[in-house]
Amino acid sequence: MGPPGAGKGTQAEIVAERFGIPAISTGDIFRANVAENTELGIEAKRYMDAGEYVPDAVTNLMVRNRIDEEDAAKGFLLDGYPRTLDQVEELDGMIRHTGHRLDAVVVLTVDPGELGARLSARAQKEGRADDTEEVIRRRQEVYTEQTEPLIDVYRKRGLLREVDGLGEVDEVTERIMSILTQVEES
Ligand code: B4P
């Protein structure tokens, strides 16, 4: 978890590879569908371009199908999911069904000024439609309203691991790895 631009996607890919499990990024799946112009992509694009979350029903079904795939049987890392309280409950139900359990919830914390700079840089590099100044502001608001409350939910469950997301990508990775290695050993 973490606000837009915290580096979730960047870290998720590296960390999942180290553990030999798939990184399941809802943002990436939506973007792939947008690129292929699928029905899901057409629906998701309307929300993403406005900085809003894609409706829970659509997102939950997509994740449910994805974690049922064979490569996720031994475990997976979720990037950008859950983002709402409804998604938290749905995920609980999904993993009860598959027999997985949540080992840890990593939150990347980054100063808001740095987030803006990162997303503007990404806008220039990748040209993402949701990286304009106005949409970035809306995404930050949506995160505060809908996703920040999840931090307390997972803290109460004893699963939360807060990681400083400032610094070089490698430094952040090592911070995450050292925490997750302790979780794995306990
Ligand atoms: P995401 O794709 O999850 O996008 P994000 O929050 O903007 O990015 P992230 O934090 O992963 O940042 P990144 O690593 O790229 O979601 C996009 C949209 O999809 C959402 O707004 C929503 O509409 C929809 N969506 C996704 N999941 C959903 C859900 N569960 N429910 C409903 N809707 C959903 O890093 C950002 C930039 O920083 C990159 O350019 C990177 O190179 C740079 N960076 C990373 N680490 C750095 C570091 N340490 N130092 C300097 N720069 C760094």
(message) Could you give each residue of segment 53-67 its phi-based ³J(HN,Hα) in whole Hz, using Karplus coefficients 6.51, -1.76, 1.60 with θ = phi - 60°, and x for Gly or Pro?
(response) 7, 5, x, 3, 4, 5, 5, 4, 5, 4, 5, 4, 5, 5, 7
(message) Can you give the log10 of the normalised intensity I(q)/I(0) at q = 0.15 Å⁻¹, computed with Debye over equal Cα scatterers of segment 44-129?
(response) -0.74
(message) What are the ³J(HN,Hα) couplings of segment 18-31, residue after residue, when phi is run through the Karplus curve with 6.51, -1.76, 1.60 and θ = phi - 60°? Round to Hz, x for glycine and proline.
(response) 4, 8, x, 10, x, 8, 9, 9, 4, x, 5, 5, 4, 5
(request) Enter the accessible area per residue of the chain (Å², integer; probe 1.4 Å; all protein chains in place). (result) 55
(message) At 222 nm, what value in deg cm²/dmol follows for the chain if DSSP H runs of at least 4 each add -39500 (n - 2.57) and the sum is divided by all its residues, to the nearest 500?
(response) -18000 deg cm²/dmol
(request) Sequence neighbours fewer than 8 away in the same chain don't count; with that in mind, list the lysines whose C-alpha is under 28 Å from K45. (result) K8, K125
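Which percent of the accessible area of segment 132-186 is formed by carbon and sulfur heavy atoms (probe 1.4 angstrom)?
Numbers: 1620 of 3490 Å².
That fraction is 47 percent.
The values are calculated or read from the model by the stated rules, or taken from the named source; none is laboratory data. Note that the coordinates shown come from a computational prediction; the quantities given were computed from them, not determined experimentally. Note: accessible area is taken over every heavy atom of the protein model, side chains too, but ligands, DNA and RNA are not part of it. Shrake-Rupley method; radii C 1.70, N 1.55, O 1.52, S 1.80 Å.
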